[in-house]
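J.: Can you read through this structure? Questions will come right after.
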Amino acid sequence: MSASAVFVLDLKGKVLICRNYKGDVDMAEIDHFLPLLMTQEEEGLTSPIMSHGNVHFLWIKHTNLYLVATTNKNSNASLVYAFLYKVVEVFTEYFTELEEESIQDNFVVVYELLDELMDFGFPQTTDSKILQEYITQEGTKLEVAKTKVPTTVTNAVSWRSEGIKYKKNEVFIDVIESINLLVNANGSVMSSDIVGTVKLKTMLSGMPELRLGLNDRALFALTGRDKGKTVTMEDVKFHQCVRLSRFESDRTISFIPPDGESELMSYRINTHVKPLIWIESVIEKFSHSRVEIMVKAKGQFKKQSVANNVEVRVPVPSDADSPKFKTSMGHAKYVPEKNLAVWTIKSFPGGKEFLMRASFGLPSVENDEMEGKPPITVNFEIPYFTVSGIQVRYMKIIEKSGYQALPWVRYITQSGDYQLRSNF
């Protein structure tokens, strides 16, 4: 069971637009939403689900809007939230920015979209590319377009239109891995994991069938081939185009892809990750008036790889002033509103070490003991490299016309939540 009605409200709780899907909840119930939320905020107990009598409000906030779904049943909350975030995604695709003004300026289109996105409380057509085929932003076209609904809406393949043609047939595959890492002040890795996504950009004619092969340990175990490096993927999530029954039976990732850009799958690898960029820091205080910070960054990845746009964010005391920096590579700046020294290195080769020295005036060092000790955080991106060793072994493209298509693969490793605690 899903939502009874969906409302879009401004920050004062005024309803900008709403759609009643089932008629089993009084539409006036929404008047209780903002008072409930304000009461919770005052008590510091904000909850994503609030109730008034037997009516439940499931809500999200986006820019200067609240998106609220109401229900009086024991609904599937995760389905409702997935739908609300999908509404934000679709509206953003249509209007670039989703805010109060864009709702008011595109009232008719918004109402049409709410009508197509959900039917009798259940999500229906939520793919913006398909919706754009028959709900256009010009009101005059809207009436004409309604006479002919694309086959994709009633099709088994609702995410791809028929009759797509390209002069050059290509598929671009991006394997992007984010490293989440927490290192304590003694230099021990407390927690680490890898979150990966496989993104596609498909420019293929017709209705092609694609098969993607990865060095998946479970697949190799099934087939009895255990050659080379394999990876164990957990929490695997697929785009709706992937045939799940096929994957569950023989681990084959088989699908008819959406046209253009899409996220095919995401996964997590729970493994001990060696920090790719290691940070050491030392702080010295002089006569209650000056503090010096020395930070050493070392690239602990292959020498042939290069980390791009490395940013080391070092916390400094809130009353620091008169910053002076010296770096062996890149440049550093003081960001007083965030109490940070930010050291940026455009290109950081593997195996290299760089130093940054910072000096600050400290008018009131006594306050230091009262402050928390935020960790050093690092942002980076390493192209042509995956930390887990995941590989695309093959991409087969089968289409009835028999054309040849080129698959291109790119690997990227980047920082996720990458923190190193210091003894500051």
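The values are calculated or read from the model by the stated rules, or taken from the named source; none is laboratory data. Being a predicted model, the structure only gives us computed values, none of them experimental. Cβ placement follows ideal geometry from the backbone for every residue including glycine, while neighbour counts extend to all protein chains displayed. Accessible surface is based on the protein model in full, side chains and every heavy atom, while ligands, DNA and RNA are left aside. Shrake-Rupley method; radii C 1.70, N 1.55, O 1.52, S 1.80 Å.
J.: Could I get the Rg over Rh figure for the stretch 202-346? Both from C-alpha atoms, Rh via Kirkwood, rounded to two places. Can you show the working numbers first?
T.: Values: Rg = 24.0 Å, Rh = 20.3 Å.
Looking at the stretch 202-346, the ratio lands at 1.18.
J.: Could you give the Stokes-Einstein D for the stretch 277-383 in µm² per second, using the C-alpha Kirkwood radius, 10 °C, 1.306 mPa s? Please list the in-between numbers first.
T.: Values: Rh = 14.4 Å.
My calculation gives 110 µm²/s for D.
J.: Starting from the Cα coordinates of the stretch 41-93, work out the convex hull volume and express it per residue in Å³. Numbers along the way, then the final one.
T.: Numbers: hull volume 4.7 nm³, N = 53.
Given the Cα convex hull of the stretch 41-93, per-residue volume reads 88 Å³.
J.: Near residue 298, which lysines are there with a Cα under 28 Å away, not counting those fewer than 8 places off in the same chain?
T.: Within the straight-line limit of under 28 Å, residue 298 reaches these lysines: 229, 274, 285, 324, 326, 333, 338, 346, 352, 373.
J.: A further question follows. On the principal axes of its Cα set, how long, how wide and how thick is the stretch 195-266? Give whole Å, largest value first.
T.: 35, 24, 22
J.: Let me ask something additional. About the Cα centre of the stretch 277-383, what is the dipole size in debye to 20, counting +1 per Lys and Arg Cβ and -1 per Asp and Glu Cβ, all else neutral?
T.: Values: 15 positive and 13 negative charges, 144 e Å.
Value, rounded to 20: 700 debye.
J.: Further question on the same structure: Just for the Cα atoms in the stretch 152-286, what are the lengths along the principal axes, largest first, rounded to whole Å?
T.: The Cα atoms of the stretch 152-286 stretch 72, 42, 28 Å along the principal axes, largest first.
J.: Normalized C-alpha radius of gyration of the chain, against 2.2 N^0.38 Å? It would help to have the intermediate numbers written out before the result.
T.: Values: Rg = 26.4 Å, N = 424, 2.2 N^0.38 = 21.9 Å.
Expressed relative to 2.2 N^0.38 Å, the Cα Rg reads 1.20.
J.: Tell me, what is the per residue accessible area of the chain in Å², probe radius 1.4 Å? If you can, show how the numbers build up before the last one.
T.: Values: 21920 Å² over 424 residues.
Averaged over the residues of the chain, the accessible area is 52 Å².
J.: Helix 107-117 versus the longest principal axis of the chain: what is the Cα-based angle in degrees, 0 to 90, to the nearest 10?
T.: Tilt of helix 107-117: around 80 degrees.
J.: Moving on. About its Cα centre, what dipole magnitude does the chain give when the only charges are +1 on Lys and Arg Cβ and -1 on Asp and Glu Cβ, stated in debye to the nearest 20? Walk me through the numbers before you get to the answer.
T.: On the way: 48 positive and 53 negative charges, 529 e Å.
Using only the charged Cβ atoms, the result is roughly 2540 debye.
J.: As I understand it, the value is the acute angle between the Cα axis of helix 33-43 and the longest principal axis of the Cα atoms of the chain; what does it come to in degrees, rounded to 10?
T.: Roughly 20 degrees, rounded to the nearest 10.
J.: Keeping the other protein chains in place, figure out the carbon and sulfur percent of the accessible area of the chain, with a 1.4 Å probe. Intermediate values should be presented prior to the final figure.
T.: Values: 11000 of 21920 Å².
Taking all protein chains in place, the chain shows 50 percent carbon and sulfur surface.
J.: Across the stretch 1-108, what fraction of all alpha-carbon pairs, as a whole percent, falls in each successive 5 Å bin from zero upward?
T.: 2, 12, 24, 25, 20, 12, 4, 0
J.: Using the Cα atoms as the points, what is the convex hull volume per residue of the stretch 224-283 in Å³? Can you show the working numbers first?
T.: Working: hull volume 10.8 nm³, N = 60.
Per-residue hull volume (Cα only) is 180 Å³.
J.: Something else now. Relative contact order (percent) for the chain, with alpha-carbon contacts under 8 angstrom and 6 or more residues of separation? Provide the component values of the computation, followed by the final result.
T.: Details: 882 pairs, mean separation 62.8, N = 424.
Relative CO of the chain lands at 15 percent.
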